[in-house]
Amino acid sequence: VSMAEKRPLKRALQARLHAIFERSVPFNRVLGLKVVSFDPANPRLRLDMRPELVGNPSRGILHGGVISAVLDVATGIAVGLALIERADPERIEFPDIGTIDLRVDYLRPGRGKHFVAGARVVRLGKRIAVAHMDMTDGEGEPIATGSAAYVVG
């Protein structure tokens, strides 16, 4: 298969992944997540701040549960992309992934108009994947980091 033949598959796959992550997963729709990059080395999500996402009304900051959920989704995308890259290009299916451990370190309050989360796979085994993730505010200041393990397959 030539590179020219692979590009349409890649675009079609990205369109399918956009549809899955942004429209097919109800919780992602509730959060308002948008995929801004499908870079397999570090996919990125964007979350715009809304009043429904505030955890402390007196401080007006992003809820910690929203932060951990967004990091979990970003890491799920990274693991999914790693599995897709490893798969037979003729039989690409959306991978089955489940979170088995998630650790989040909150670095500073989530303030701002939007946030960006990304992740990278540290190890991809036959049954377990491990990844690191981060989330920044609109100014690029880190607000959270973490690591997670996923059962895959």
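The values are calculated or read from the model by the stated rules, or taken from the named source; none is laboratory data. None of the values given here were measured: they were computed from a predicted structure. Ideal geometry is used to build each Cβ from the backbone, glycine not excepted, and the neighbour counts take in all protein chains shown. Just the protein is used for accessible areas: all its heavy atoms, side chains included, with ligands, DNA and RNA removed. Shrake-Rupley method; radii C 1.70, N 1.55, O 1.52, S 1.80 Å.
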Handout entry: Solvent-accessible area per residue for the chain (1.4 angstrom probe, square angstrom)
Key = 56 Å²
Problem - Additional length obtainable on full extension of the chain from Arg123 to Arg23, 0.36 nm per residue less Cα span - result: 33.2 nm
Practice task
Could you check the simple spin-label distance between Ser37 and Val130, using points 7 Å along Cα→Cβ, in nm with one decimal?
Solution key: 2.4 nm
Problem - Long-range HN-HN contacts of Ile128 with modeled amide H, under 5 Å - result: Val152
Practice task
Apply 1/(1 + (r/R0)^6) to the Cβ-Cβ distance of Asn56 and Arg103, taking R0 = 30 Å, and write down the FRET efficiency to the nearest 0.05.
Solution key: 0.85
Completion exercise
With the 8 Å Cα cutoff and a minimum separation of six or more residues, the chain has a relative contact order in percent of 21 percent
Handout entry: Cα centre as origin, Lys/Arg/Asp/Glu Cβ charges: the chain dipole, Debye
Key = 180 debye
Fill in the blank from the handout: Note to self: C-alpha centroids of the stretch 54-72 and the stretch 96-135 sit apart, in Å, by 15 Å
Practice task
Could you run the Karplus curve 6.51 cos²θ - 1.76 cosθ + 1.60 with θ = phi - 60° over the stretch 118-125 and give me ³J(HN,Hα) per residue in whole Hz, x for Gly and Pro?
Solution key: x, 8, 9, 7, 8, 8, 10, x
Handout entry: Estimated dipole of the stretch 32-122 in Debye, rounded to 20 [Cβ of Lys and Arg +1, of Asp and Glu -1, Cα centre]
Key = 640 debye
Practice task
With the full set of protein chains in place, find how many percent of the accessible area of the chain is carbon and sulfur; take the probe as 1.4 Å.
Solution key: 53 percent
